[in-house]
Amino acid sequence: MSGVSMRLRETARGTLIEIYVKPQSKQFKIEVKDDELLVFCRESPVKGRVNRELTKELSRLFKRRVQILSGFRSRQKTLLIENARTQEVNEILSHARTQKET
């Protein structure tokens, strides 16, 4: 869990989270590898499909609005999870990583 907390930063608007996206995966899932938060998306990186899947699935996971702040055309992204505290995001991520399927 300490690796994830290094990628989280609380702001007045919510929690910022840095992720690395791997498109065209078999299923949507979240993993931590080498101190980096990886999000595997099913969609291909064409016409914003991965970004839409990413914000939709993470909004569902956190039950909050999720916005991409930077990295719209990159695999490295910074997201804002609105009105969420860092501790809450960390707990949800820890729980999501322990599940094999989403």
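The values are calculated or read from the model by the stated rules, or taken from the named source; none is laboratory data. Predicted, not measured: the structure shown is a model, and the values here were computed from it. Here Cβ is always computed from backbone atoms with ideal geometry, including for glycine, and neighbour counts include all displayed protein chains.
So here's what we get for this one:
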{"read-out": "Residues of region 69-87 that turn out to be without any contact (Cβ under 8 Å) to a residue 60 or more places away in the chain and surrounded by fewer than 16 Cβ atoms within 10 Å (Cβ to Cβ), as a count", "value": "8"}
{"read-out": "Counted residues, region 43-65 - those being modelled with pLDDT of 95 or more and hydroxyl-bearing (S, T, Y)", "value": "2"}
{"read-out": "Options E18, E82, E53, E57; residue that is in contact with an Asp or Glu (Cβ under 8 Å, 6 or more places away or on another chain) and at negative phi", "value": "E53"}
{"read-out": "Count - residues of region 43-102 that are closer than 12 Å to K29 by Cα, touching a strand residue (DSSP E or B) at 6+ places or on another chain (Cβ under 7 Å) and part of a helix (DSSP H, G or I)", "value": "5"}
{"read-out": "Of residues in region 5-44 being of a type in the set (V, I, T) and either out of contact with any Ser or Thr (no Cβ under 6 Å at 6 or more places or on another chain) or over 17 Å from L80 (Cβ atoms) (or both), the one surrounded by the fewest Cβ atoms within 10 Å (Cβ to Cβ)", "value": "T11"}
{"read-out": "Residue within region 11-28 that is assigned to a strand (DSSP E or B), among the basic types (K, R) and within 10 Å of the chain's Cα centre (by Cα) present", "value": "no"}
{"read-out": "Considering residues of region 30-42 that are in a loop (DSSP other than H, G, I, E, B) and modelled with pLDDT of 90 or more only, the residue farthest from the chain's Cα centre (by Cα)", "value": "R42"}
{"read-out": "Hits in region 9-22 (condition: of a type outside the set (A, V, I, L, M, F, W, C) and under 13 Å from K77 (Cα atoms))", "value": "E18, Y20, K22"}
{"read-out": "Pair list, Cβ under 8 Å, 6 or more apart: region 10-23 residue in contact (Cβ under 8 Å) with a residue 12 or more places away in the chain, other residue of a type in the set (G, A, S) and crowded, with 17+ Cβ neighbours inside 10 Å", "value": "G14/A84; T15/A84"}
{"read-out": "Condition met for E91 (of a type outside the set (V, I, T) and within 19 Å of R7 (Cβ to Cβ))", "value": "yes"}
